[in-house]
Amino acid sequence: MNKELLIKRIKESGMTRKYIAWKMEITPNSLQNKVSGRTPFTVSEVKNLAIILKLSKEDTFDIFLPNVFA
């Protein structure tokens, strides 16, 4: 996972992590653990987060599958 790009896109969204966690129906602590790489995102969480952050397909792949299409 490209943690730096994810953090950048979260900041660019203007949304707080608390709000993003609420939209994802997880706790802010769970979101922090996922963003930091301590726990993995599920496929449904990736899809949901991409919608919330309005990520392009390219950004979604670059964040969650950075080495697959390099």
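The values are calculated or read from the model by the stated rules, or taken from the named source; none is laboratory data. Just so you know, these numbers come straight off a predicted model, no measurement behind them. For neighbour counting, all protein chains shown are included, and Cβ atoms are generated from backbone atoms with ideal geometry for every residue, glycine included. All accessible areas refer to the heavy atoms of the entire protein, side chains included, with ligands and DNA or RNA removed. Shrake-Rupley method; radii C 1.70, N 1.55, O 1.52, S 1.80 Å.
Out of the residues in region 24-46 meeting the condition of being surrounded by 14 or more Cβ atoms within 10 Å (Cβ to Cβ) and charged (D, E, K, R), tell me which one is farthest from Met1 (Cα to Cα).
Glu45
Of the conditions (1) at pLDDT 95 or above; (2) not in a loop (DSSP other than H, G, I, E, B), Phe61 satisfies every one except a single condition; which number is it?
Against the list (1) at pLDDT 95 or above; (2) not in a loop (DSSP other than H, G, I, E, B), Phe61 comes up short only on (1).
I'd like to check something: does region 14-25 contain any residue that is at pLDDT below 95 and hydrophobic (A, V, I, L, M, F, W, C)?
No; the residues of region 14-25 include none that is at pLDDT below 95 and hydrophobic (A, V, I, L, M, F, W, C).
Quick one: how many residues across region 47-57 are open to solvent by 60 Å² or more (accessible area, probe 1.4 Å) and under 14 Å from Leu6 (Cβ atoms)?
1
Looking at region 1-23, which of the residues that are free of Cβ contacts under 8 Å to residues at least 40 places away in the same chain, assigned to a helix (DSSP H, G or I) and among the hydrophobic types (A, V, I, L, M, F, W, C) is most open to solvent (accessible area, probe 1.4 Å)?
Trp22
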